[in-house]
Amino acid sequence: MESVMDRGISSSKRAVIAVFVLLLSFLGLMVASPALADTVGEEYDYRISGNVKNEGEALASVRIVVSGDGYSAEVVTDADGKWAIGVPERAIYEVTLDESTLPEGIAVLEGGATQSVEIGPSGSVVQNFFIGEGERVVITLFDQLVQRLIYGVNFGLMLGLAAIGLSLVYGTTGLSNFSHAELVTFGALMAYAFGVVLALPLWLAFPLAVAASAGLGWVQDAGLWKPLRVRGLGLVQLMIVSIGLSLAVRYVFQFFVGGGTMQLPGSGATKIPLFGAVALSTVDLASMAISLVVIILLALWLLYSKTGKATRAISDNAALAAASGIDVDRVVRIVWILASMLAGLSGILWAYFRPGIKWDMGEKILLLMFAAVVLGGLGTAFGALIGALIVGILVETSALVIPSDLKYVGALVLLIAILLVRPQGLLGRKERIG
């Protein structure tokens with residue numbers, strides 16, 4: 001007879017977690033590969049440049065940082081005060097002048113030390129800062145921390161929408177769906193199709209994009225996942241199918257939309273000062289409000305609706321739920337539709353947070369979605385939300401102490417550290433075998 005495990009979780013769950021950690025480690029190294037500042041993006045076709053002068057006098061060795069669309073690079077001005085950085089896409093970027101590298105008594109007088117630019121049709125843009133004698137606006141470490149916490153909550157709520165759907169699918173089917181990232185991308189692409197290509201008003205385009213995502217979820221389960229479940233495929237085989245589906249769909253997206261970056265209406269909106277150093281745009285505020293409302297409605301559905309209770313029952317014990325008269329296939333179908341809707345909505349919000357839509361944008365946060373699910377506890381929707389908030393806050397605040405292009409590694413390190421202490425995740429339960 002097999003012995004009872006007093007600690008940890010079942011061997012099958014340990015195997016799943018081991019696979020997750022290995023895959024997340026690999027993806028983390030890929031995502032975290034920094035841009036080489038020495039080359040300042042000379043290999044790219046698009047270019048941001050400028051000239052730093054004070055009353056006609058060139059300022060050398062002033063540090064300039066360009067970031068956005070998942071890319072970051074920096075350079076210092078030459079003896080003539082000139083600088084240039086190549087960027088990979090025609091998108092919106094933030095250009096930051098490090099005021100600590102300016103001479104004493106010199107500061108950026110208008111627009112702030114960080115300003116947004118957009119690559120034009122010519123493929124290049126010039127960004128100059130208005131510099132002169134003045135007092136520098138110094139943001140204290142505390143103000144920066146508060147600012148990053150707010151941004152982290154915003155990012156975590158958006159990430160939580162996708163992570164909850166991923167967790168619901170795992171809880172009801174046991175499938176680790178690596179193609180969930182493409183559902184995120186699909187939602188953003190549909191929003192672009194309805195809101196930009198068809199030029200529908202946003203209040204109509206975005207609900208239609210979410211509805212299209214729901215339709216894709218129904219098609220996936222009806223046409224692929226249910227037939228595979230009926231054939232009795234194991235979880236490992238299903239996971240491999242999801243990886244193959246992810247790659248196939250991703251390159252289908254690239255075939256139809258190309259490799260460029262597209263913007264939704266309202267991207268790059270002016271930020272409104274709220275308090276201290278915190279400034280959010282109307283898009284940021286709307287994103288947080290929408291995420292909160294949807295999450296609250298989802299929580300009420302899970303706790304009080306008949307289908308929500310059935311979903312939790314299947315997550316606890318599918319065989320017992322079926323024996324109790326619950327139509328497991330029907331509930332699983334609803335879960336797939338709901339998960340796709342949440343992923344599609346998350347994709348729309350992610351397109352504004354990046355900002356920009358790209359054929360592989362969902363894959364950029366796949367690591368973080370799995371980190372949130374495993375951190376919160378496999379198969380627990382509320383755990384996925386808590387995990388997403390932790391990951392979002394950690395990703396944003398870690399940029400205060402480590403380079404921004406390495407910030408995703410912090411989430412992975414925390415994930416591994418917590419799993420070493422609590423293998424079942426924060427809200428997961430220990431299981432016994434034997």
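The simple Förster model, with R0 at 41 Å and r as the Cβ-Cβ distance, assigns residue 226 and residue 98 a FRET efficiency of 0.15.
For residue 309 and residue 115 in one chain, what is 0.36 nm times their gap in residues minus the Cα-Cα distance, to one decimal in nm? List each step's numbers first, then the result.
Details: separation 194, 0.36 × 194 = 69.84 nm, distance 4.87 nm.
Using 0.36 nm per residue and subtracting the Cα-Cα distance, I get 65.0 nm.
Computed about the Cα centre, the dipole magnitude for the chain is approximately 2440 debye when only Lys and Arg (+1) and Asp and Glu (-1) carry charge, each at its Cβ.
Here region 46-138 is treated with +1 on each Lys and Arg Cβ and -1 on each Asp and Glu Cβ, and its dipole about the Cα centre works out to around 300 debye. The ratio of the alpha-carbon radius of gyration of region 46-138 to the globular-protein estimate 2.2 N^0.38 Å is 1.04. As a proxy for reagent exposure, ranking 133, 396, 182 by other Cβ atoms within 10 Å from fewest up yields 133, 396, 182. Here the spin labels are modelled as points 7 Å beyond Cα on the Cα-Cβ line, and at residue 198 and residue 256 they lie 1.3 nm apart.
Compared with the dominant principal axis of the Cα atoms in the chain, helix 235-257 is inclined by about 40°. Distance between the 7 Å Cα→Cβ label points at residue 275 and residue 237: 5.7 nm. Within region 314-335, list the residues whose amide N lies under 12 Å from a label point set 7 Å along Cα→Cβ of residue 301. Hits in region 314-335 for residue 301 at 12 Å: 334-335.
Note on region 298-434: with charges restricted to the Cβ of Lys and Arg (+1) and Asp and Glu (-1), its dipole about the Cα centre is near 280 debye.
Based on the alpha-carbon gyration tensor of the chain and its eigenvalue square roots a ≥ b ≥ c, which shape applies: rounded if a/c is under 1.5, prolate if not and a/b is larger than b/c, or oblate? In terms of gyration-tensor shape, prolate. If the chain linking residue 43 and residue 124 were pulled fully straight, counting 0.36 nm for each residue of separation and taking away their Cα-Cα distance, it would gain 27.8 nm. For the chain, the relative contact order is 25 percent, taking Cα pairs closer than 8 Å that sit 6 or more residues apart in sequence and dividing their mean separation by the residue count. Inter-label distance, residue 211 to residue 51: 5.4 nm, where each label sits 7 Å from its Cα along the C-beta direction. Computed 3J(HN,Hα) for region 262-276, one whole-Hz value per residue from the Karplus formula 6.51 cos²θ - 1.76 cosθ + 1.60 where θ = phi - 60°, is 10, 10, 7, x, x, 5, x, 5, 5, 7, 9, x, 9, 7, x, glycine and proline marked x. Cβ-Cβ distance of residue 413 and residue 149, R₀ of 25 Å, FRET efficiency by 1/(1 + (r/R0)^6): the value works out to about 0.85.
Of interest is the spacing of the C-alpha centroids, which for region 146-174 and region 364-404 amounts to 7 Å.
Counting every other Cβ atom within 10 Å of each residue's Cβ, 213, 346 order from fewest to most as 213, 346. Think of the chain as a dipole: +1 on every Lys or Arg Cβ, -1 on every Asp or Glu Cβ, centred on the Cα centre; then among 212, 227, 61, 227 lies furthest on the positive end.
Bear in mind that the values in this text are calculations on the coordinates, not laboratory data. Just so you know, these numbers come straight off a predicted model, no measurement behind them. Positions of Cβ are backbone-derived with ideal geometry, glycine not excepted, and every protein chain shown enters the neighbour counts.
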